């Protein structure tokens with residue numbers, strides 16, 4: 001029993017406490033930092049709930065309206081992607097920065113298998129600039145700034 005308790009304690013410290021002490025610059029943390037910045041931004045996240053949970057963990061704010069679901073999520077849930085397109089177009093007109101981690105997803109996960117290329121197809125309407133990239137054993141995760149197509 002003592003060995004089990006020690007193993008659990010080591011696991012919790014190495015997996016939970018130590019990584020939280022050293023703030024990661026993984027794409028999700030960068031998106032979270034952007035959402036919490038003083039600038040007005042919109043985040044179109046492949047996993048919006050993860051970003052919202054990170055914001056809640058860091059600030060206690062339950063609902064951050066600047067974090068929006070991915071285009072693939074809209075399509076999978078049967079919602080019209082024109083709603084998202086309207087939000088993005090309106091933000092671009094009002095010079096609000098838009099960032100996304102929905103493009104060029106090479107990670108291996110259940111969500112990327114379900115979503116396929118839906119996000120990439122949606123964002124073909126816009127210009128995008130690579131802001132941050134993180135290479136991990138499950139693949140590459142990147143953040144892009146979304147701009148109007150010239």
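The values are calculated or read from the model by the stated rules, or taken from the named source; none is laboratory data. Source: prediction; values computed, not measured. Don't worry about glycine lacking a Cβ; one is built from the backbone with ideal geometry, like all the others, and counts go over all protein chains shown.
Collect the residues in segment 47-66 that are in contact with a strand residue (DSSP E or B) (Cβ under 8 Å, 6 or more places away or on another chain) and more than 17 Å from residue 86 (Cβ to Cβ), keeping them in residue-number order.
Matches in segment 47-66: 48, 51, 52, 55.
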Legend entry - Residues that are surrounded by fewer than 21 Cβ atoms within 10 Å (Cβ to Cβ), under 18 Å from residue 73 (Cβ atoms) and in contact with a helix residue (DSSP H, G or I) (Cβ under 8 Å, 6 or more places away or on another chain), drawn from segment 29-53: 47, 48, 50
Legend entry - Count of residues meeting criterion [modelled with pLDDT under 85 and more than 16 Å from residue 84 (Cβ to Cβ)] in segment 95-112: 9
Legend entry - Restricting segment 113-144 to residues that are out of contact with any helix residue (DSSP H, G or I) (no Cβ under 9 Å at 6 or more places or on another chain) and modelled with pLDDT of 85 or more, the residue that is farthest from residue 41 (Cα to Cα): 124
Legend entry - Count of segment 62-77 residues which are surrounded by 11 or more Cβ atoms within 10 Å (Cβ to Cβ), within 17 Å of the chain's Cα centre (by Cα) and more than 14 Å from residue 37 (Cα to Cα): 7
